[in-house]
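Here the structure is laid out as structure tokens; the discussion comes afterwards.
We did not get these values from a lab; they are worked out from the coordinates using the rules stated. Quick caveat: nothing in here was measured; it's all calculated off a predicted structure. A quick note on method: Cβ atoms are made from the backbone with ideal geometry, for glycine too, and the neighbour counts reach across all protein chains shown.
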Amino acid sequence: MSTKTPWWIRVPVLFFLIFGLMEYFVDSGDKPAIIEYPITQFFMLLVLMILIAIELILSSIENIMFQTLSEEGKERYLATKNKKMEWTWVNNLMKRLTRTKSIEREEEIIMDHNYDGIRELDNVLPPWWVYLFYATIVFSVVYLVRFHVIGEYTQAEEYEQEVAAAKIEIEEYKKTAKDLVDASTVELLTDAADLSAGEKIFNSSCVVCHMADGGGGIGPNLTDEYWILGGGIKNVFNTISEGGRDGKGMVAWKQSFKPAEIAQVSSYVISLGGTTPANPKAPEGDIWVDPNAPEPAQATPDTQPAEQVSDSTDVVME
């Protein structure tokens, strides 16, 4: 049993073909399917093992069939197989790209001069090198016309465009990269999963000082509207990250938690506002009002008060 393509080409080609089909048909969003769905890694490993097993089976069948041949048949089979392994088309391609002369034909290109028995061959330039040289000439002409004759754009303009595009990509990346958040960019999280994660962090690290219901103990009450270092998601995030007042406040947690985790526990702390703890601690600090909150609309009465209307009526009647 003989094949024209060796196994070390068949296996990778089939493997990457199946891999490409999997990535094409599996909807994994912006990420590759093999990263988004770890089960696909097991699938591709299984595919590789199956391909290797098939090759081993084919090799075993070939060996068994080879053993059944006569000695003359074995010689013919080996001769045919070795001839196919020569890859004639590859040899012909290399000859066209290099135009080299075989050792037997070097007499045709040997030069007349002789240096102490050393003679020189008049080899032509390799065609691949010549074609590459011609390509650089064409490229240089196009470059010259485009940038020095037409003046399509300058390198400075190209740099500014690339920087502007990079800034847009960075901002888009920051929207999904939670661990890049800081006190100036953090937003209040309202998703149940984030609040649940924040609650777990709070219960493991904060209840010692603030109690499980946020009513306060060593630390202040987190359920009222009074704040020592300011309320709101940005102030709470900064307090948890950098620590409280020097010497008597909370320690900085930025070395223990990731920014995304600090954002989660900060959002959970704010969600405790307005709840009723079992033993609330007395208020500390000042009432915090969000400076960015919209001002309540003032009502504009369309009619005069009733008293004024009655007074004016009495005057008229008199």
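About the Cα centre of segment 192-287, how large is the charge dipole given +1 on each Lys and Arg Cβ and -1 on each Asp and Glu Cβ? Please answer in debye to the nearest 20. Display every interim value, and only then the final one.
Working: 7 positive and 10 negative charges, 51 e Å.
Magnitude of the dipole: close to 240 debye.
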query: Taking the chain as a Gaussian network, Cα atoms linked when under 10 Å apart, which of H113, H148, H210 shows the biggest mean-square fluctuation?
result: H113
field: Pair I52, D27: separation of 7 Å Cα→Cβ label points (nm)
entry: 3.5
query: If you average the sequence gap of Cα pairs under 8 Å that are 6 or more apart and divide by the length of segment 192-287, what percent do you get for the contact order?
result: 41
- prompt: Just the C-alpha atoms of segment 157-291: what Rg/Rh do they give, with Rh taken as the Kirkwood radius?
  reply: 1.08
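Would you mind calculating the relative contact order of the chain from Cα pairs under 8 angstrom and at least 6 residues apart, reporting the percent as a whole number?
12
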message: How far apart, in nanometres, would the label points at E172 and V138 be if each is projected 7 angstrom from Cα along the Cα-to-Cβ direction?
response: 3.3
- request: For segment 7-86, just say rounded, prolate or oblate: build the C-alpha gyration tensor, square-root its eigenvalues into a ≥ b ≥ c, call rounded for a/c under 1.5, and beyond that prolate if a/b exceeds b/c, oblate if not.
  value: prolate
- line: Output for segment 156-208: GluC sites (Glu not before Pro) sitting in coil per DSSP, at most 14 other Cβ within 10 Å, listed by number, reads E187
query: Which of these, V142, V47, V207, has the largest mean-square fluctuation under a Gaussian network model of the chain (Cα springs below 10 Å)?
result: V47
message: Looking at the chain, identify the longest residue range that excludes and avoids all chymotrypsin sites (Phe, Trp or Tyr not before Pro) in DSSP loops having at most 13 other Cβ atoms within 10 Å.
response: 154-318
query: Looking at this model, which pairs from K178/K200; K74/K95; K254/K281; K258/K281 are more than 23 angstrom apart at the alpha-carbon?
result: K74/K95; K254/K281; K258/K281
- request: On a 0 to 90° scale, report how tilted helix 7-25 is relative to the longest principal axis of the chain, with both axes built from alpha carbons and the result rounded to the nearest 10.
  value: 30
Whole-number D in µm² s⁻¹ for segment 85-150, Kirkwood Cα-pair radius fed into Stokes-Einstein, 25 °C, 0.890 mPa s: 160
message: Let me test this: with uniform point scatterers at the alpha carbons of the chain, what is the Debye-based log₁₀ I(q)/I(0) at q = 0.07, 0.11 1/Å?
response: -0.76, -1.01
message: With unit charges on the beta carbons (Lys and Arg positive, Asp and Glu negative) and the dipole taken about the Cα centre of segment 7-86, which residue among T80, S60, F43 sits farthest to the positive side?
response: T80
